[in-house]
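What follows is calculated from the coordinates using simple rules that are stated; it is not laboratory data. All values derive from a computational prediction rather than experimental measurement. As a convention, Cβ positions derive from the backbone with ideal geometry for all residues, glycine included, and neighbour counts pool all protein chains shown.
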Amino acid sequence: MYKILIVEDDNALATAMKKHIQSWNYDVSCIHNFQNIIPEFIEYDPHIILLDIMLPFFNGYHWCTELRKISNIPIVFISSASDNMNIVMAMNMGGDDFIAKPVDPNVMIAKVQAILRRTYDMSDKIPVIEHKGAVLNLNDTTILYKDKKIELTKNEFRILQTLLENKGKAVSRDTLMTKLWQMDCYVEENTLTVNIARLRKKLDSIGLHNFVKTKVGIGYIIEL
C-alpha cells in the first residue's frame, strides 16, 4: 500500500484530504509538528508528500529544500497562491507538481496517482473511468463524486460503463441490451428502462443530476 504524507496546517483541510485519499485505499498520515517535519517524515517513510507552501515556523519551500537533502520523494506543492511565480518557484525548488486551493479532490487524486505511476511503476493502479469529476471504479463497481460514493448493481454498472466508454455519443437501447445480454440472461426493454431509472436516481443522490440523458428515438448519452 502506498503511503502519502500531508503537510497542511489547516486541520479541517488536512482531515478532508486524508479522508478522500483513504477512500482510494491509500495509507495517509498528517504532520503534527510543523516546527520540524523531518522526524515524522523519516519515521513514516512515505511514497509521496503533499506540501503546503504557507506553514507556521518555516514555509514549504524551506521544507522542500531540507527534504531534497535526504530524499528524492515526489513532492506536490499545495497553495492558494496559484500564480505563475509560485508555480515556477515550486518546480525550481524540486517540486514535482502543484495543486491550487481550493483543492479539488478528484484533481488531487488524479495527480497523486499519475506521479505514483511514473515514480513507482504502479502496476496495481485501480482502473477507473473519470468524467466531469465522476469516477467509476472498474474493480468494485462503485462511483465516486465529490466525496460521495455509491455502489451500483451489476446491470447499472454495465450500463454506466458502456455510456462512459462512449461519452459524447448516443448509445442505442439495442446496444445496451446486447451488452447486458452478453454478460447475463436476456434483457427485455422494460428491464432496461427500470435499470436506467434506478441508475439515474442513484446518480442524483450524489449530485450527478441529468448525467445520463435520453436521446429520443435513439437511446442514451453522457455528454462531453
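Things worth noting here:
- Area projected by the alpha carbon convex hull of the range 3-120, averaged over all directions, nm²: 6.5 nm²
- Residue order, fewest to most surrounding Cβ atoms within 10 angstrom, among 41, 58: 58, 41
- Ascending count of other beta-carbon atoms within 10 Å, so fewest first, for 202, 215: 215, 202
- Size of charge dipole - the chain - debye, nearest 20, with Cβ of Lys, Arg +1 and Asp, Glu -1, no other charges: 840 debye
- Here the calculated FRET efficiency for residue 149 and residue 100, from their Cβ-Cβ distance with R0 = 25 Å, stands at 0.55, rounded to the nearest 0.05.
- Given charges at beta-carbon only (K, R positive; D, E negative), |dipole| of the range 3-120 in Debye: 320 debye
- Based on C-alpha pairs under 8 angstrom that are at least 6 apart in sequence, the chain has a relative contact order of 12 percent.
- Taking the fewest neighbouring Cβ atoms within 10 Å as the starting point, the ordered list for 79, 23 is 23, 79.
- Entries of 146/202; 19/149; 18/69; 111/215 with Cα pairs more than 23 Å apart: 18/69; 111/215
- GNM remark for the chain: springs join alpha carbons under 10 Å apart, and the peak mean-square fluctuation among 47, 32, 20 falls on 32.
- Along principal axes, Cα extents of the range 49-99, largest first, whole Å: 29, 23, 15
- Calculated P(r) of the range 1-53 - Cα pairs past 14 Å, %: 46 percent
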